[in-house]
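Okay, so here's the structure we're looking at.
The values are calculated or read from the model by the stated rules, or taken from the named source; none is laboratory data. Model, not experiment: these values are computed from the prediction. So basically every Cβ, Gly included, is an ideal-geometry build from the backbone, and we count neighbours across all protein chains shown. Ligands, DNA and RNA are excluded from the accessible area calculation, which covers all protein heavy atoms including side chains. Shrake-Rupley method; radii C 1.70, N 1.55, O 1.52, S 1.80 Å.
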Amino acid sequence: MPINFDSALGIHADALRVRSQRAELLASNLANADTPNYKARDIDFQSAMKMAASGQSTGMQTSHVNHIQSSGGQFNAPAVQFRTTMQDSLDGNTVDEQVEQAQFMQNSVQYQASLNFLGARFQGLLSAIRGE
Amino acid sequence: MSLFNIFDIAGSGMSAQSLRLNTTASNLANADSVSSSVDQTYRTRSPVFSAVLDDAQQGYKQGSVQVKGIVESQAPVRSEYNPSHPMANQDGYVFHSNVDSISEMANMMSASRSYQNNVEIANTSKQLLLRTLQLGQ
């Protein structure tokens, strides 16, 4: 019975990637906290995970060699949405530093949770290989 | 790996905020500067931030921040009639800078808070990356 790493690691590898992409988006929101007309962006984690699990991309599918590749969605790039704010600011910036920082913290804890799950999977594989 | 980009993003945020702190310091230092003509009077300087959006590598846009330039405030400078002042012009007027010390202090606090935010982000990302390196050990 061969070991398939993809099925052994399960969904956690995808989760880790989506988490790191979300961390990047939240970091750019915080870097632009004082930029006029900057709109805060975020990833809907649930739909991103659904997309990652089904292997879909946001671009159009091509079924023929002559079909033009749509540049809109690359493989596994999650759809980015704009955040709705509780209170708008005069300069058109929609970044709420408190909200963003809380989200970043939550995201990093969940990233570490995914890391722990992945580590446990690797431990399981190792003990299966060693046969102890 | 997206986590590596965070260092660029947080770094750009830190450099932008430190430039803002620099202009604030220069404004506060010149809050009491006087001159003998309107053109030579020190005016409040403030940086203009803008987001860098580039979607060349990824399907989604990633944004760091850049400083487009520094603009001088167009608010009128305060003129004072003081013929005995050494900087007074022929009509006896000296011109004070239009720096508002209170709003500059608020600006300074906001800039240092944003700077701290970016440092926190970089620190957290570093921890996450280090833990990712230890995966499976």
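In the range B:1-33, what residues are open to solvent by less than 50 Å² (accessible area, probe 1.4 Å) and either acidic (Asp, Glu) or closer than 21 Å to B:Ile102 by Cβ (or both)?
Passing the criteria: B:Gln17, B:Arg20, B:Thr23, B:Thr24, B:Ser26, B:Asn27, B:Asn30, B:Ala31, B:Ser33.
Listed residues A:Met105, A:Met86; which is open to solvent by 60 Å² or more (accessible area, probe 1.4 Å) and at the interface with chain B (Cβ under 9 Å from one of its Cβ atoms)?
After applying the criteria, what remains is A:Met105.
Tell me which residues, restricted to the range A:28-66, are at pLDDT 80 or above and in a loop (DSSP other than H, G, I, E, B).
A:Asn32, A:Ala33, A:Asp34, A:Thr35, A:Pro36, A:Asn37, A:Tyr38, A:Lys39, A:Ala40, A:Asp44 - these are the residues of the range A:28-66 that are at pLDDT 80 or above and in a loop (DSSP other than H, G, I, E, B).
Name the strands (runs of 3 or more DSSP E) wholly inside the range B:1-119 in which the number of residues that are more than 13 Å from every other protein chain (Cβ to nearest Cβ) and modelled with pLDDT under 95 is 2 or more.
Numbers: elements: B:45-54, B:62-72, B:78-81, B:93-96.
Counting at least 2 such residues, we get B:62-72, B:78-81, B:93-96.
Looking at (1) open to solvent by 50 Å² or more (accessible area, probe 1.4 Å); (2) within 26 Å of B:Asp8 (Cβ to Cβ); (3) at pLDDT below 90, can you tell me which one A:Asp96 breaks?
It is condition (3) that A:Asp96 fails.
I'd like the residue in the range B:66-97 that is under 14 Å from B:Ser36 (Cα atoms) and under 25 Å from the mean Cα position of the chain (by Cα) and, out of all such residues, is least open to solvent (accessible area, probe 1.4 Å).
Residue satisfying both the conditions and the ranking: B:Ser97.
Looking at A:Gln69 and the list (1) modelled with pLDDT of 85 or more; (2) part of a loop (DSSP other than H, G, I, E, B); (3) open to solvent by 20 Å² or more (accessible area, probe 1.4 Å), which single condition is not satisfied?
Unmet for A:Gln69, out of (1) modelled with pLDDT of 85 or more; (2) part of a loop (DSSP other than H, G, I, E, B); (3) open to solvent by 20 Å² or more (accessible area, probe 1.4 Å): (1).
When residues of the range B:34-50 are filtered for being in contact with a Lys or Arg (Cβ under 9 Å, 6 or more places away or on another chain), small (Gly, Ala, Ser) and open to solvent by less than 40 Å² (accessible area, probe 1.4 Å), how many remain?
Going through the range B:34-50 one residue at a time, the tally reaches 1.
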